1. Output the number of the condition that residue B:33 fails; it satisfies all remaining conditions of (1) facing chain A (nearest Cβ under 10 Å); (2) in contact with a helix residue (DSSP H, G or I) (Cβ under 8 Å, 6 or more places away or on another chain).
2. Which one is surrounded by the most Cβ atoms within 10 Å (Cβ to Cβ), of the residues in segment B:12-46 that are without any contact (Cβ under 8 Å) to a residue 12 or more places away in the chain and under 21 Å from residue A:110 (Cβ atoms)?
3. Output yes when any residue across segment B:163-186 is acidic (Asp, Glu) and within 20 Å of residue B:58 (Cβ to Cβ), and no when none is.
4. Residue check: is residue B:22 closer than 30 Å to residue A:132 by Cβ, away from chain A (no Cβ under 14 Å), of a type in the set (A, V, I, L, M, F, W, C) and within 16 Å of DNA strand C (Cβ to nearest atom)?
5. Have a look at A:46, A:31 and point out the one that is of a type outside the set (Asp, Glu) and within 8 Å of DNA strand D (Cβ to nearest atom).
6. If you go through segment B:147-154 one residue at a time, do you hit one that is surrounded by fewer than 18 Cβ atoms within 10 Å (Cβ to Cβ) and modelled with pLDDT under 95?
7. Name the residues in segment A:58-105 that are more than 10 Å from every other protein chain (Cβ to nearest Cβ) and not in a helix (DSSP H, G or I), would you?
8. Could you list, in sequence order, the residues of segment A:1-19 that are within 9 Å of DNA strand C (Cβ to nearest atom) and hydroxyl-bearing (Ser, Thr, Tyr)?
2 protein chains.
Amino acid sequence: MARHAGVSTATVSRVLSGRGQVSPEMRRRVRRTAEELGYQVNSIARALRNSRTDTVGMVVPSITNPFFTSLVESVEHALGREGKELFLCDAQSDPEVEARRLASLVARSVDGIIVSPSHGTASGAAVQETADRLPLVQLDRFVGGTDTDWVGVDDIAAMRQVIDHLYAGGARSASFVGSRLTNSSTEQRLAGFRRRAGERGMTVREEWILLDDYTVEWGEAAVARLAGLDTLPDAIVCADDLIALGVTRACRAHGIDVPGRVQVTGFDNIEFARLSEPALTTVDQPRDRIAAEAVRLLAAAAESAAGGAPRDPCAHIALVPSLVIRDSTRSAEGTS
Amino acid sequence: MARHAGVSTATVSRVLSGRGQVSPEMRRRVRRTAEELGYQVNSIARALRNSRTDTVGMVVPSITNPFFTSLVESVEHALGREGKELFLCDAQSDPEVEARRLASLVARSVDGIIVSPSHGTASGAAVQETADRLPLVQLDRFVGGTDTDWVGVDDIAAMRQVIDHLYAGGARSASFVGSRLTNSSTEQRLAGFRRRAGERGMTVREEWILLDDYTVEWGEAAVARLAGLDTLPDAIVCADDLIALGVTRACRAHGIDVPGRVQVTGFDNIEFARLSEPALTTVDQPRDRIAAEAVRLLAAAAESAAGGAPRDPCAHIALVPSLVIRDSTRSAEGTS
DNA sequence: ATGAAAGCGCTAACAT
DNA sequence: ATGTTAGCGCTTTCAT
């Protein structure tokens with residue numbers, strides 16, 4: 001390339017990377033030759049030299065969960081505004097795969113990592129090790145005992161809204177259907193559920209706390225279990241929308257009227273939440289805001305790291321989500 | 001690292017890359033030192049040296065479309081079996097963004113690229129240029145006039161199954177709701193629809209051919225349009241499940257019974273297809289098989305490229321999908 | 001303003 | 001079996 005243009009590699013570099021002084025004429029010549037040859041800078045070599053890749057890595061527990069894909073979309077947009085690209089990895093809900101992906105992102109010298117850890121404890125070691133080497137922010141979920149930035153929603157506050165709305169709709173007893181307590185989301189949401197239901201004096205039987213998996217199938221199975229008990233709760237609070245979708249569907253199959261007999265709520269506000277029959281009342285996560293904060297924290301961390309400064313103290317940013325009321329719950333006026 | 005272990009960098013390389021002869025003792029020593037130092041090979045430098053990254057790039061039109069995410073999942077699994085990683089990019093349904101992503105994948109020297117082009121013609125230049133430099137296979141959708149491998153389903157055969165099933169359920173007229181004719185999927189599906197409906201002697205009015213977007217919203221809007229006409233078709237054939245989800249939902253809102261008054265079919269068999277009310281009859285795409293073929297083609301192309309051989313002739317692999325019959329259509333016995 | 005040359009971390013060829 | 005060394009393509013002093 002340099003030969004073709006009859007200049008030195010240094011000049012080519014100066015033109016193509018936009019650093020240093022080059023005469024307009026040289027600039028034009030290099031540009032034109034590059035065009036003709038279809039030449040592109042080799043970003044591997046550039047990354048090796050600069051130890052910067054303008055790429056951010058993101059690891060999500062499951063790429064088939066619509067909540068995470070919409071979060072990915074928000075992050076991509078936020079990153080696009082900074083001229084950075086996203087390298088997305090799927091942890092397949094497996095801390096081991098997750099650890100491999102994190103290691104590989106480190107090895108590829110991404111400039112920072114955004115991770116929603118798949119497991120509340122098992123993800124810990126890998127996340128902490130990664131954070132020791134690179135700017136890292138946890139998104140949505142977090143791992144206990146780690147020392148990193150985090151951005152997500154205030155699950156406790158969200159559950160307060162959910163319970164209050166259900167209570168206003170006449171519910172005096174409630175069930176909680178979530179995943180196993182292996183991630184922070186379910187933990188926090190269950191804690192918030194218990195606390196507020198307690199404050200409201202609602203009945204919460206232990207056999208109504210059903211924990212397994214963030215899937216539609218589990219939501220369906222949970223209803224089968226509930227239906228097998230002697231009493232049905234007035235409300236079923238689900239830890240995410242996929243579960244809630246399964247729950248409403250199974251209620252229909254079991255002839256349990258929603259929201260007439262049982263009120264149902266979800267969490268996340270994925271697109272399909274409004275499509276189910278009945279449309280799901282759920283907690284809307286402010287994804288764009290979450291993404292923007294995460295990208296901001298990453299940029300800040302990268303900057304202070306480049307300056308050789310010690311790591312900033314960690315920020316934990318909890319945004320308060322809002323309740324989206326649809327048809328799977330009763331509004332206050334419907335109270336008996 | 002080499003100094004810490006008291007060996008040469010070459011030995012370290014031999015141990016850590018698993019090539020060449022090293023005595024067991026050395027091997028142990030290097031391994032242990034690497035462990036202690038938390039040392040990881042710099043895969044940027046390795047990639048620069050080997051001009052191989054063990055990474056495949058994938059570009060999809062929209063990461064929020066569940067069909068593509070499940071395809072991504074299948075590709076990741078297939079790739080995992082070969083020890084390769086996936087670098088996923090979202091084209092945001094925009095050929096320009098897509099072109100940038102492709103260029104950036106080339107610059108990062110991925111070993112191959114899997115792309116589902118977002119546009120049937122506008123994606124052409126970028127896809128072809130990319131294919132001239134790297135092994136590339138188009139998945140699901142393809143761009144006309146390009147010379148690359150392709151794996152997808154036989155849309156024509158799929159539509160034949162759909163129409164025949166609808167016909168058996170008593171439909172004598174049909175509408176088609178799809179995206180604009182800017183991608184091969186809709187083009188092929190509409191062509192298949194027209195051909196088979198013609199062969200069956202079904203009525204297809206031009207104002208029943210509604211083309212806009214692969215979204216739930218468009219499905220809903222399309223029904224509003226149909227409902228405004230003087231006659232309703234016996235069946236609505238949708239170009240994908242998102243549209244079909246919108247269609248069935250809007251039918252419910254308009255008091256149009258599905259499948260009693262109108263039969264509805266989707267395409268892709270995304271997870272939510274079975275969850276809608278009524279559950280959607282749709283065409284199941286064999287994703288795992290599609291992904292496996294794509295990965296195989298990529299590996300073959302990479303191998304022959306490494307051998308300096310001229311490019312193999314391109315393969316176009318069309319798999320025949322299968323119809324999944326659920327509740328949004330009438331089975332033959334329900335025929336009047 | 002431009003060029004020459006060193007070096008980022010790795011691996012393969014060659015030498016021992 | 002192990003070490004030495006050149007060079008992947010880039011950027012960046014340091015000369016000119």
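The values are calculated or read from the model by the stated rules, or taken from the named source; none is laboratory data. Just so we're clear, the structure is a prediction, and the values are computed from it rather than from any experiment. So basically every Cβ, Gly included, is an ideal-geometry build from the backbone, and we count neighbours across all protein chains shown.
1. (1)
2. Per the criteria, the residue is B:44.
3. No.
4. yes
5. A:46
6. Among the residues of segment B:147-154, at least one is surrounded by fewer than 18 Cβ atoms within 10 Å (Cβ to Cβ) and modelled with pLDDT under 95, which makes the answer yes.
7. A:59, A:60, A:61, A:81, A:82, A:83, A:84, A:91, A:93, A:94
8. The answer is A:8, A:9, A:11, A:13.
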